[in-house]
Structure formats: C-alpha cells, structure tokens
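Structure record follows, encoded as structure tokens.
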Amino acid sequence: MVLGRAGLRLEAQKFALYLLIPITASLAFNEPSVQKWAADYFQFMKYPANPKTNLKDEYEAIKKQREEEIEWEKRMADKREEGRKEYLKQLKQLGSNSVTAAGTSTVLESQKERKGWFGWLGTWRGRGTGGGDGNSSSDGSR
C-alpha cells in the first residue's frame, strides 16, 4: 500500500464492488418471473413443444426454412443488380441525349459553366455584375 489512505479507499471501493455485483445479481434473478423471462429471451435451452415431437422432422423443417430464406436473399440480390443495370442504362441514355436545343436543358448548361469543385464560387461572384437586388457592387465584393 504505497498510496496510504488513498490506496486504502481504492481497495475498499473495489471490495465493495466485488461484493455488490454478485449480491445484486442474485437478488435480481431470484424472482421466478425474471428467470422465466431470461430463459425465454436468451433461449438457454430449447425444448420441444411436445415430448412426442419428432426432432428429426423439426430439424428438417428448420433447414428447409433456412434454405428458402437463402434463396429469397439471392433473388433479392439479383433484383437489386437488375435495378442497378437499369439505372446505369438510363443514365447512359440521359448522357447521350444531353444535346442542348435552344433553352431546353438549363441545368446541364449551368453544370457545363461550372468547372471543378469550386465552380459555384464563380457563379456567386458573378451575381454582382448584372442588376439584381442592389446590395452587391459591380466588382463582386460585398
């Protein structure tokens, strides 16, 4: 005990904790309803519903159910893949149809004007050079 009284306090707290945890657990789990809930929730043991139940048939049913779930997951993965392919196909069509007619695609034109990550800065600075709300000056400073 190098720490003196501080060390004694630490050891007393640890000892109290070592006693408190098992006593609290035994008091909490001594109640039959809590024991039943814990056994049902965590499923410590699974007993057949009926003693005459054929466990082999039950196992086969569970196995079949799991195989159906795996098959369903595969079908969903295939559907997602088909959806991705369809989405990419539509994007390619939109990209090939981006030929601009007179005033038809203002969004694509504005994206072409912005170049790079900070293209919006040029658009923001350009607001001051043409009429507007009157709060901005012609050089773009505020």
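Read-outs: derived from the displayed coordinates by stated rules, not from any lab. It should be emphasised that the depicted structure is a prediction, and the values quoted were computed from it without experimental measurement. All Cβ positions, glycine included, derive from the backbone under ideal geometry; neighbour counts span all protein chains shown.
Kindly write out, for the stretch 81-94 in residue order, the coupling ³J(HN,Hα) from the Karplus curve 6.51 cos²θ - 1.76 cosθ + 1.60 (θ = phi - 60°), rounded to whole Hz, with x marking Gly and Pro. Calculated HN-Hα couplings, in order: 5, 4, x, 5, 5, 5, 5, 5, 4, 5, 5, 5, 5, 5 Hz. The stretch between F118 and K64, if pulled fully straight at 0.36 nm per residue, gains 13.8 nm over its current Cα-Cα span. Can you tell me which lysines have their Cα less than 26 Å from the Cα of K36? Leave out same-chain residues fewer than eight positions away. Partners within reach: K46, K52. Within the stretch 12-99, the chymotrypsin sites (Phe, Trp or Tyr not before Pro) that combine a DSSP coil assignment with at most 14 other C-beta atoms in a 10 angstrom radius are F29, F44. Three semi-axes describe the equivalent ellipsoid of the stretch 1-46; taken as square roots of 5 times the Cα gyration tensor eigenvalues and ordered largest first, they are 38, 10, 5 Å.
Remark: the N97-D57 segment gains 8.4 nm on full extension, using 0.36 nm per residue and subtracting the alpha carbon distance.
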